[in-house]
1. When you look at Leu123, is it surrounded by 14 or more Cβ atoms within 10 Å (Cβ to Cβ), of a type in the set (A, V, I, L, M) and in contact with a Leu (Cβ under 7 Å, 6 or more places away or on another chain), yes or no?
2. Kindly provide the set of residues from segment 27-42 that are within 23 Å of Asp68 (Cβ to Cβ) and of a type in the set (Phe, Trp, Tyr), ordered by number.
3. Given the conditions (1) assigned to a strand (DSSP E or B); (2) surrounded by 18 or more Cβ atoms within 10 Å (Cβ to Cβ), and given that Gly78 satisfies all but one, which numbered condition is not satisfied?
4. What number of residues within segment 1-56 are over 16 Å from Leu80 (Cα atoms) and either among the aliphatic types (A, V, I, L, M) or part of a strand (DSSP E or B) (or both)?
5. Among all residue pairs at least 6 apart or on different chains, which show Cβ distances below 7 Å where the first residue, located in segment 122-143, is in a loop (DSSP other than H, G, I, E, B) and the second is among the aromatic types (Phe, Trp, Tyr)?
6. Would you confirm whether or not segment 123-140 contains a residue that is modelled with pLDDT under 85 and either at positive phi or out of contact with any strand residue (DSSP E or B) (no Cβ under 9 Å at 6 or more places or on another chain) (or both)?
7. Give Val58, Val139, Val128, Val32 a once-over and let me know the one that is touching a Ser or Thr at 6+ places or on another chain (Cβ under 6 Å), surrounded by fewer than 16 Cβ atoms within 10 Å (Cβ to Cβ) and not basic (Lys, Arg).
8. Give the residue that is farthest from Glu191 (Cα to Cα), with candidates limited to residues of segment 95-110 that are surrounded by 14 or more Cβ atoms within 10 Å (Cβ to Cβ), at pLDDT 85 or above and not aromatic (Phe, Trp, Tyr).
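The values are calculated or read from the model by the stated rules, or taken from the named source; none is laboratory data. This structure is a prediction, so every number in the text was calculated from the model and none was measured. No Cβ is skipped: glycine too gets one built from the backbone with ideal geometry, and neighbour counts run over all protein chains shown.
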Amino acid sequence: MDGTTHPAVTALAAAVTDASRLLRVPVETIVVEYLEAKDWPDSCLGLPGEDDACADVVTPGFLIILGDGFSYRTDTEGNLRSDTGTLDAELRVDFRQVGGIGGWSSGYHADTTSLSPDDLTRLHQFIVDTEFFKLPAEVGNGDPISDMFSYTIFVAHGRRHHSVSTYDGGGPLEYPALGEFLAWLKSRSPEPGAVSA
């Protein structure tokens, strides 16, 4: 051997590192369930993003499935794309809104068992569109406004979990896709009312 790393090892290392980062656990705790050599139909590994320019060239790589519902497509150099459409782990969302002149609050809770198939699909899409597990814990929205509401969104998917807080502000939300997710959650929450003592 000439000392170079096998492409499967490079690809697997990239996938395990990404899953470890998202789960916030050591890499040695990530379980490898499946690895298969694949020829992907383009340079985007068959998963083009909205603004991606993909070269129409067969790209050798790997399909990697890890524990906790992680599925990745890679090339032989360790570049990867998350194949989130295969995730089937338990999903839970908790939403809380608090504020207003009376210190009102309301919330929404749902999980895999209580969501309709359409809502479950929509929730998965919000998680993908916002890259929820990569968002900072606090997301700005310009200068806070008087009698503002603050919002906390908690999502758990398999072992992954993350909480994001934001507020009513005078500027655009730092992550516009999060605004759509927030509006969806608000539409499912009861109107905020007085906090009971």
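1. Working: surrounded by 14 or more Cβ atoms within 10 Å (Cβ to Cβ): yes; of a type in the set (A, V, I, L, M): yes; in contact with a Leu (Cβ under 7 Å, 6 or more places away or on another chain): yes.
Taking the combined requirement at face value, the residue satisfies it.
2. If the condition is that a residue be within 23 Å of Asp68 (Cβ to Cβ) and of a type in the set (Phe, Trp, Tyr), then Tyr34 is the only one that fits.
3. It is condition (1) that Gly78 fails.
4. Within segment 1-56, residues that are over 16 Å from Leu80 (Cα atoms) and either among the aliphatic types (A, V, I, L, M) or part of a strand (DSSP E or B) (or both) number 7.
5. As it stands, the answer is Leu135/Tyr175; Val139/Tyr175; Asn141/Tyr167, since those pairs meet every condition given.
6. no
7. Numbers: Val58 fails: touching a Ser or Thr at 6+ places or on another chain (Cβ under 6 Å); Val139 fails: surrounded by fewer than 16 Cβ atoms within 10 Å (Cβ to Cβ); Val32 fails: touching a Ser or Thr at 6+ places or on another chain (Cβ under 6 Å).
Among Val58, Val139, Val128, Val32, only Val128 is touching a Ser or Thr at 6+ places or on another chain (Cβ under 6 Å), surrounded by fewer than 16 Cβ atoms within 10 Å (Cβ to Cβ) and not basic (Lys, Arg).
8. First, the residues of segment 95-110 that are surrounded by 14 or more Cβ atoms within 10 Å (Cβ to Cβ): 95-100, 104-108, 110.
Filter once more, so that each one left must be at pLDDT 85 or above: 95-99, 104-108, 110.
Restricting the remaining residues to those that are not aromatic (Phe, Trp, Tyr) gives 96-99, 105-107, 110.
Working: Arg96: 12, Gln97: 10, Val98: 11, Gly99: 12, Ser105: 8, Ser106: 7, Gly107: 9, Ala110: 17 Å.
The residue in question is Ala110.
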